[in-house]
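Participant: Just passing along the structure, written as structure tokens.
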Amino acid sequence: MTTPSLPPVRVLLDPIVRENPITLQVLGVCSALAVTRTLATALVMSASVTAVLIGSSVAISLLRNDVPRSVRLIIEITVIATLVIVVDQVLQAFFWELSRDLSVFVGLIITNCVILGRAETFSMHNPPGRSALDALGNGLGYTWILLGVGGIRELLGSGALLGQPILPLVEDGGWFQPIALMLRPPSAFFLIGVLIWCLRSASLARARSRSLTANAPLPASTGSPTR
Amino acid sequence: MSETLDLFVQAALTENLALAFFLGMCMFLAVSKTVEMAFGFGVAVFTIQTISVPLNQLIGHFLLQPGAWAWLGLPDADLSFLRLIAFVGVIAAFVQILEMVLDRYFPALSAAFGVYLPLVTVNCAILGGSLFMAERQYSFAESFVYGAGSGFGWAVAICLLAAIRERLEYSDSPEGLRGMGLTFLVVGIVSLAFLGFVGIELP
């Protein structure tokens, strides 16, 4: 999907919407769903993932010419696991409360497919600078989905953002009745499902209008690149 | 006995790794296109989960927890920060060994779910199970029950989803919703159904 001839700006910007890791490549959804109950956890999680992603991309890109293909997976996992341990220790040292809330999900960054996916498909074939840009782009793409879903869930589920009350709750004499379902797991599936629906429809519409102006037949891309 | 059953049911249904904790979602969505594939993958996850969680419990208990090295004269050594990398290593090594053993002694079985085994290594449900086990400080017996229960619950969930997706194949859904979008909504509904298990009290 990414060719070496792509200008650096595209390397950075493409993953944010057009090649978004979560909605279009459907990678790394585990943590995207699990930590979006409140905005604060989503924020910390996306910052951690972005940091690990950039670190591992640069490291693996630097190592790419010295690693034999047969052992590359174990090397990649080791690099990622080491970085995750660092992040985990930093969180435990400075943000003890949040690291409790995130529980096992910081550790699970290791198995986050976005990171291994970028290492496999991009960093193994590109120099460190481009890999860092690609990692930053993917990190930002991951971040805005997490923040969006986290924001909606916290706002509708408890009428607050980052713990600050925004909508006056009924129990405090306001008008807003919090939607308890938003705090439960299924709502994350629904929100991401609807989000994917919107983004896919938008990209289909774009493809259609482009093919109409070019007077070419409709691209047969109605199916999704499911993995 | 009833405690064991409780833990099994809790791990399999109320705290279903896939539907309540969203673990192993990538594979969950990718491999659930047909029931046959889902079943093979489910069995692979169940097997590895049942063995790797107790295995990691032993490693955590005897090698990593604070004071584990007291007999060597190192009572202050706390290696628990190595938990992540140790668990990943154990799982990867174990999957590799299992693959070789199956290949050697049970070629039919290996052909049936051999392709899924390497994928299991990067499945967050497996690592997640071990991490939950460490966080909740299960004993060896408990971790065995927890591993079996959570693996079983994951397998059931993926088979359910695959069955639904097979039937949805010919549905007339909006263009942008086809594929992943629809799958997410369906998983949401299945997860909603599993919420119903919360609060079940076994006699």
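Read the figures in this text as sums done on the coordinates, not as results from a lab. Just so we're clear, the structure is a prediction, and the values are computed from it rather than from any experiment. Counting neighbours? That spans all protein chains shown, and the Cβs are built from the backbone with ideal geometry, glycine included.
Participant: Tell me, what ³J(HN,Hα) does each residue in the stretch B:130-135 have, in order and in whole Hz, if you take phi through Karplus 6.51 cos²θ - 1.76 cosθ + 1.60 with θ = phi - 60° and put x for Gly and Pro?
Facilitator: For the stretch B:130-135, the Karplus-derived couplings read 5, 5, 4, 4, 5, 5 Hz, x marking Gly and Pro.
Participant: Take the Cα atoms of chain B, build their convex hull, and give its volume per residue in Å³.
Facilitator: 143
Participant: Given that compact globular proteins tend to follow 2.2 N^0.38 Å, what is the ratio of the alpha-carbon Rg of chain A to that value?
Facilitator: 1.13
Participant: Still on this structure, I have one more. Taking 41 Å as R0, compute the FRET efficiency from the Cβ-Cβ separation of B:ILE97 and A:LEU183 and round it to 0.05.
Facilitator: Computed FRET efficiency for B:ILE97 and A:LEU183: 0.50.
Participant: In 10 Å bins starting at 0, how do the alpha-carbon pair distances of the protein assembly as shown split up by percent?
Facilitator: P(r) for the protein assembly as shown, in whole percents per bin: 4, 20, 31, 28, 13, 4, 1, 0.
Participant: Arrange the following residues from fewest to most other Cβ atoms within 10 Å of their Cβ: B:TYR116, A:TYR142.
Facilitator: The fewest-first ordering by Cβ neighbours comes to B:TYR116, A:TYR142.
Participant: Right, something else. Springs between alpha-carbon pairs under 10 angstrom, Gaussian network model over chain A: which of A:ALA205, A:ALA51, A:ALA119 fluctuates most?
Facilitator: Largest GNM mean-square fluctuation: A:ALA205.
Participant: Relative contact order of chain A, please, whole-number percent, based on alpha carbon pairs below 8 angstrom and at least 6 residues apart.
Facilitator: 31
Participant: Within chain A, which DSSP H helices have Cα atoms that stretch 20 Å or more along the helix axis and a mean Kyte-Doolittle hydropathy of at least -0.5?
Facilitator: A:39-63, A:72-94, A:128-158, A:185-213
Participant: Here's something else I'd like to know. With θ set to phi - 60°, apply the Karplus curve 6.51 cos²θ - 1.76 cosθ + 1.60 along the stretch B:169-182 and write out the HN-Hα couplings as whole Hz, x wherever there is a Gly or Pro.
Facilitator: Each residue of the stretch B:169-182 in turn: 3, 9, 6, 9, 9, x, 4, x, 8, 4, x, 5, x, 4 Hz.
Participant: Place a +1 charge on the Cβ of each Lys and Arg in the protein assembly as shown and a -1 charge on the Cβ of each Asp and Glu, then give the dipole magnitude about the Cα centre in debye, rounded to the nearest 20.
Facilitator: It works out to roughly 1420 debye.
Participant: With charges set only on the Cβ (+1 for Lys and Arg, -1 for Asp and Glu), what does the dipole of chain A come to about its Cα centre, in debye to the nearest 20?
Facilitator: So the magnitude is around 840 debye.
Participant: Per DSSP H run of at least 4 residues, take -39500 (n - 2.57); add these up for the protein assembly as shown, divide by its residues and hand me the 222 nm value, nearest 500 deg cm²/dmol.
Facilitator: When only DSSP H runs of four or more count, the value is -20500 deg cm²/dmol.
Participant: With +1 on the Cβ of every Lys and Arg and -1 on the Cβ of every Asp and Glu, and nothing else charged, how large is the dipole of chain B about its Cα centre, in debye rounded to the nearest 20?
Facilitator: Roughly 300 debye, rounded to the nearest 20.
Participant: Over the Cα atoms of the stretch B:1-97, each weighted equally, I'd like the Debye log10 I(q)/I(0) at q = 0.12, 0.23, 0.25 Å⁻¹, rounded to two decimals.
Facilitator: After summing over all Cα pairs, the log10 values are -0.56, -1.23, -1.27.
Participant: Further question on the same structure: I'd like to know which of B:SER143, A:SER158, A:SER70 lies farthest towards the positive end of the charge dipole of the protein assembly as shown, counting +1 on Cβ of Lys and Arg and -1 on Cβ of Asp and Glu.
Facilitator: Towards the positive end, the residue furthest out is A:SER70.
Participant: Further question: Among rounded, prolate and oblate, which fits the stretch A:128-189 when a ≥ b ≥ c are the square roots of the eigenvalues of its C-alpha gyration tensor, a/c under 1.5 means rounded, and a/b larger than b/c means prolate?
Facilitator: Taking the square roots of the gyration eigenvalues as a ≥ b ≥ c, the stretch A:128-189 is prolate.
Participant: Here is a further query. Listing A:ASP134, B:ASP76, A:ASP88 from the residue with the fewest other Cβ atoms within 10 Å to the one with the most, what is the order?
Facilitator: B:ASP76, A:ASP88, A:ASP134
Participant: List, largest first, the extents of the alpha carbons of the stretch A:55-178 along their principal axes, each in whole Å.
Facilitator: Here the Cα extents, ordered largest to smallest, are 65, 27, 21 Å.
Participant: Quick check on the exposure proxy: order B:CYS159, A:CYS113, A:CYS30, A:CYS198 from fewest to most C-beta atoms within 10 angstrom.
Facilitator: Exposure proxy ranking, most exposed first: A:CYS198, B:CYS159, A:CYS113, A:CYS30.
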